[in-house]
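Notes follow the structure.
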Amino acid sequence: MRKVLLLPLCAVCVLTLTMCEQTNGPLPAGMIQATDPEADALMQKAVEYRKQGKLSKARGELRELLSEHAVAPNAAQARFMLAEIYEQTNDPREAFKHYGKVVENYQSSNLYEAALNRQLAMATAAANEQLKTRVFGLWDVPMESSVVIEWLEAVIRNAPYNDMSATANSVLGDYLVKQEQYESACSVYRRLVDNYPDSRYAPGAQMMVAKLWAASHTRGDQNLVNLANAQEAYEEFTLRFPNHPDAKKAYAEARNVRALLVQQELEVGRYYLERAREYPSAIFCFESVIRQKKVNPEAAREAETLLSRARKAAAAAKPAA
């Protein structure tokens, strides 16, 4: 019986060794090399060079280790150290890329979360214009907005269900507002609230959704739908976070928006009456405003006067029988 099993077992061993030789990335669980003296020697050289300040030589040793010993036990450490050196030498793009390779290829490593934290810190610094990139070797300028957005989205993608991702969403939303990309910012804030409702960032994100919808009106977009969305967002804040210190403020803002919606409906009715001369439409608007007297009493009083004018104009416009 043992003789029958001998050949298949040997074949499995040969296959495993072949895969170890051919792979360029980390092997599946249970197939990582237990020891690799050559990789250890390269790592030791890299560490020594780094201590001596010979960072270029340290990078060379680490690159050789990752190229020739991709499945070595210290491969994740080598990749992380390479990222650190790029960060140390003011090459943030390369640093972020190599931290990303730790995240992508070594998820079981104890360096996985550390690499994600470094990416988040770099992306946050870039969003706050604290992380610069050098142009033509002469000037330090803020990172391009496309890079900042890409970095933050990478963190969100790789850490989808924890506080780190909620933080990245909050930073991204705030950054998009600074970039005046209001629609994108609103989408990011909504994503934060929907995916991380218990996060410390969720109340602020919900309030920002409401403010952005309301601000779209003051920026010149007179679309009543946007005001209705703002009202809904403020009301949603009071429902989601009834015990939050800003709940009363959100309730008051919702009332203000409702009053503004009534005022806008009054102005629409005025347009139909005085400019378009579509009297049935004007009458419909004024009657609607009057029904919402509790929301906006002043608009309702004006609507009563305009309604009388609209009815008279409608009667005068009818052809004689």
*Considering only the stretch 246-273, state which residues are closer than 18 Å to residue 216 by Cβ, under 27 Å from the mean Cα position of the chain (by Cα) and not aliphatic (A, V, I, L, M).*
253
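Conditions (1) under 21 Å from residue 225 (Cβ atoms); (2) of a type outside the set (D, E, K, R); (3) out of contact with any Pro (no Cβ under 7 Å at 6 or more places or on another chain), marked per residue:
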position: 250; (1), (2), (3): yes, yes, yes
position: 262; (1), (2), (3): yes, yes, yes
position: 290; (1), (2), (3): no, yes, yes
position: 293; (1), (2), (3): no, no, yes
position: 297; (1), (2), (3): no, yes, yes
position: 302; (1), (2), (3): no, no, yes
position: 306; (1), (2), (3): no, yes, yes
position: 317; (1), (2), (3): no, yes, yes
*Scan of the stretch 278-321 for residues that are part of a loop (DSSP other than H, G, I, E, B) and modelled with pLDDT under 95, ordered by number*: 318, 319, 320, 321
*List every residue pair whose Cβ atoms sit under 8 Å apart, with the two residues 6 or more apart in sequence or on different chains, where the first one lies in the stretch 168-194 and is of a type in the set (Lys, Arg) and the second, anywhere, is at pLDDT 95 or above.*
190/205; 190/209; 191/169
*So which of 121, 70 ends up being surrounded by fewer than 20 Cβ atoms within 10 Å (Cβ to Cβ), small (Gly, Ala, Ser) and closer than 30 Å to residue 170 by Cα?*
121
*Flag for residue 12 being surrounded by fewer than 16 Cβ atoms within 10 Å (Cβ to Cβ), outside the structural domain of residue 101 (by TED's automatic domain parsing), modelled with pLDDT of 50 or more and of a type in the set (Val, Ile, Thr)*: no
*Within the stretch 217-239, is there a residue that is under 30 Å from residue 118 (Cβ atoms), in contact (Cβ under 8 Å) with a residue 24 or more places away in the chain, not in a helix (DSSP H, G or I) and not aliphatic (A, V, I, L, M)?*
no
*With the condition kept exactly as written, say whether any residue in the stretch 25-38 is surrounded by 15 or more Cβ atoms within 10 Å (Cβ to Cβ), modelled with pLDDT of 95 or more and in a helix (DSSP H, G or I).*
no
*asked:* Regarding the stretch 201-211, can at least one residue be identified that is surrounded by fewer than 16 Cβ atoms within 10 Å (Cβ to Cβ), out of contact with any strand residue (DSSP E or B) (no Cβ under 7 Å at 6 or more places or on another chain) and among the charged types (D, E, K, R)?
replied: no
*Exactly one of (1) surrounded by fewer than 15 Cβ atoms within 10 Å (Cβ to Cβ); (2) in contact with a helix residue (DSSP H, G or I) (Cβ under 6 Å, 6 or more places away or on another chain); (3) of a type outside the set (A, V, I, L, M, F, W, C) is unmet by residue 296. Its number?*
(1)
*When you scan the stretch 187-200, how many residues do you find that are farther than 16 Å from residue 153 by Cβ and buried (at least 18 other Cβ atoms within 10 Å of the Cβ)?*
2
*So residue 290 clears everything in (1) surrounded by fewer than 16 Cβ atoms within 10 Å (Cβ to Cβ); (2) without any contact (Cβ under 8 Å) to a residue 24 or more places away in the chain except one condition, right? Which one?*
(1)
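The values are calculated or read from the model by the stated rules, or taken from the named source; none is laboratory data. Nothing here was measured: the structure is a model prediction, and the numbers come from that model. Cβ atoms come from the backbone with ideal geometry, glycine included; neighbour counts cover every protein chain shown.
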